[in-house]
Amino acid sequence: MEVRRLIAPFFAVACLALLPWTLWLTFSLPAHHETGNWRTVWAGFDIALAASLGATALASLRRSPWIEASAAISGTLLCTDAWFDITLEAGGRHLTAAVVEAVLVELPLAAICFWVARDGERALAHWLPTSPAGPQVPAPRSPRPRIPDPHRQVAHSPDE
C-alpha cells in the first residue's frame, strides 16, 4: 500500500480520537492550577516564536521554498499566543492589554504569515528586490505541486 494513501485516514483518526480526549479534559481538569514553571513556559514559547519568525525572515532572504512551512509555523504560534494571552487573562487586570495586542499585533501578523504560507513563491517574487530585467535571484520552485485555486481568475488570450 502506498504511504500517501494512509495520510488522510491517519489524520482523520487523530481528529476523531482527540474529541473524546478533549471532552474528558474539559470535565476532569481543575478550574485553577498553579505551577512553578510559569516563566520558563512563556520564555520558551516566546523563544520558539522568535525562532520561527527568524526562520521565516531567513527563508525569505534566501528565497527558500521553506518559507511556506516556516510562515505557517509562525502564524500558528502567533494565533496560539493570542489565544493563551486572552484566555489566561479572562477576568484578570491585563485582559484589555491582551486583547489589544492580539487584535493589533499577533493576529494581523499571523494573517500575513498565512498569506505567505499560502502563496510563498508569488510573495517572494512580488516583495523581493527586482531589476528591470526581472528578479535578481531566480526563485526556486516549491518542492510540492501546486493545488489549483478554483477562485483564481486566469487571463485567457483572445485566440482561445
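Please specify each residue of segment 79-106 satisfying the condition of being buried (at least 18 other Cβ atoms within 10 Å of the Cβ) and on the phi > 0 side of the Ramachandran plot.
Matches in segment 79-106: none.
If you check residue 31 against the conditions, is it among the aliphatic types (A, V, I, L, M), over 16 Å from the mean Cα position of the chain (by Cα), in a helix (DSSP H, G or I) and loosely packed, with under 10 Cβ neighbours inside 10 Å?
So residue 31 fails the test.
Tell me yes or no: at least one residue of segment 57-78 is over 30 Å from residue 121 (Cβ atoms) and exposed (fewer than 14 other Cβ atoms within 10 Å of the Cβ).
no
Among the residues of segment 38-56, what is the count of those that are over 11 Å from the mean Cα position of the chain (by Cα) and surrounded by 18 or more Cβ atoms within 10 Å (Cβ to Cβ)?
Matching residues across segment 38-56 total 1.
Every number here is computed from the coordinates shown, using simple stated rules; none is lab data. On a predicted model such as this, the values are computed, not experimentally measured, just so you know. Heads up, the Cβs are rebuilt from the backbone with ideal geometry, glycines too, and the neighbour counts pull from every protein chain shown.
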